[in-house]
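Undergrad: Here's a structure for you.
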Amino acid sequence: MLEITQIHGADESGKLNEDWFVVENHGKESVSLRNCQVGWSRPSARKYQIVAKLEPGFTLDSRSKIRVVSGNPRSKTTGVAPSDDIPNYFLFLKKAFLSRSGGMVRILRGQMTMVEAIYDPSSENGVAARSKEASADQ
């Protein structure tokens, strides 16, 4: 089971390496996210905007996590990406997309949503708490 456990929007415009989210695989099997897409929308919207393709993508092993960063690791003008025990996967975008509060970030394969979360900068990890009713649907 995939889960977006942290979302961090850039504090300043243009700081793409400070615009990221963490995806965790809580399942017993590896999950391939090759050729998936990253989408952004309002939570109630049916349509979403594709902001990036995960090419070549990555495989997320069981009980592992990865940080998906909007920016470019070589560009110092776009801020510094976190460097800890979580590996970074860079999207090489030209502008940040997580800075808008209340939006939903999702990873899609075709039209199927693999994982989604609502960005809430006021929460500790940046992810809005889901209602019990919404969690039961998953």
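Undergrad: Under 6 Å between Cβ atoms, which residue pairs at least 6 apart in sequence (or on different chains) link something in the stretch 6-30 that is under 11 Å from residue 78 (Cβ atoms) with a partner that is among the charged types (D, E, K, R) and buried (at least 21 other Cβ atoms within 10 Å of the Cβ)?
TA: 10/18; 10/19
Undergrad: Within the stretch 60-68, identify whether any single residue is in contact with a strand residue (DSSP E or B) (Cβ under 6 Å, 6 or more places away or on another chain), at pLDDT below 95 and under 20 Å from residue 86 (Cβ atoms), and answer yes or no.
TA: Within the stretch 60-68, none of the residues are in contact with a strand residue (DSSP E or B) (Cβ under 6 Å, 6 or more places away or on another chain), at pLDDT below 95 and under 20 Å from residue 86 (Cβ atoms).
Undergrad: If you don't mind, another one. Quick check on residue 53: is it at pLDDT 90 or above and surrounded by fewer than 17 Cβ atoms within 10 Å (Cβ to Cβ)? Give the steps one after another, and end with the answer.
TA: Values: at pLDDT 90 or above: yes; surrounded by fewer than 17 Cβ atoms within 10 Å (Cβ to Cβ): yes.
So residue 53 fits the description; yes.
Undergrad: For the list (1) at pLDDT below 95; (2) exposed (fewer than 13 other Cβ atoms within 10 Å of the Cβ); (3) within 17 Å of the chain's Cα centre (by Cα), I need the number of the one condition that residue 130 fails.
TA: With respect to (1) at pLDDT below 95; (2) exposed (fewer than 13 other Cβ atoms within 10 Å of the Cβ); (3) within 17 Å of the chain's Cα centre (by Cα), residue 130 is out only on (2).
Undergrad: Related question: State which residue is surrounded by the most Cβ atoms within 10 Å (Cβ to Cβ) when the search covers only the stretch 35-50 and only residues that are assigned to a loop (DSSP other than H, G, I, E, B) and among the small types (Gly, Ala, Ser). Before the answer, list the steps.
TA: Kept after step one, since they are assigned to a loop (DSSP other than H, G, I, E, B), are these residues of the stretch 35-50: 35, 42-48.
Narrowing further to those that are among the small types (Gly, Ala, Ser): 44-45.
Values: 44: 6, 45: 11.
So, considering only residues that are assigned to a loop (DSSP other than H, G, I, E, B) and among the small types (Gly, Ala, Ser), the one surrounded by the most Cβ atoms within 10 Å (Cβ to Cβ) is 45.
Undergrad: Please specify each residue of the stretch 69-80 satisfying the condition of being assigned to a loop (DSSP other than H, G, I, E, B) and buried (at least 18 other Cβ atoms within 10 Å of the Cβ).
TA: Narrowing the stretch 69-80 to residues assigned to a loop (DSSP other than H, G, I, E, B): 70-80.
Across the stretch 69-80, the qualifying residues are 70, 71, 78, 79.
Undergrad: Looking at (1) in contact with a Pro (Cβ under 9 Å, 6 or more places away or on another chain); (2) part of a loop (DSSP other than H, G, I, E, B), can you tell me which one residue 66 breaks?
TA: For residue 66, the exception is condition (2).
Undergrad: Scan the stretch 124-133 and tell me whether some residue there is over 22 Å from residue 10 (Cβ atoms), assigned to a strand (DSSP E or B) and without any contact (Cβ under 8 Å) to a residue 40 or more places away in the chain.
TA: The first filter runs over the stretch 124-133 and keeps only residues over 22 Å from residue 10 (Cβ atoms), leaving 129-133.
Right, trim to assigned to a strand (DSSP E or B) and you get none.
No, the stretch 124-133 contains no residue that is over 22 Å from residue 10 (Cβ atoms), assigned to a strand (DSSP E or B) and without any contact (Cβ under 8 Å) to a residue 40 or more places away in the chain.
Undergrad: Scan the stretch 20-33 and tell me whether some residue there is within 20 Å of residue 117 (Cβ to Cβ), of a type in the set (Val, Ile, Thr) and in contact with a helix residue (DSSP H, G or I) (Cβ under 8 Å, 6 or more places away or on another chain).
TA: No, that holds for no residue.
The values are calculated or read from the model by the stated rules, or taken from the named source; none is laboratory data. Computed from a predicted model, the values in this text were never measured in an experiment. Positions of Cβ are generated from backbone atoms using ideal geometry, with glycine treated the same way; all protein chains shown enter the neighbour counts.
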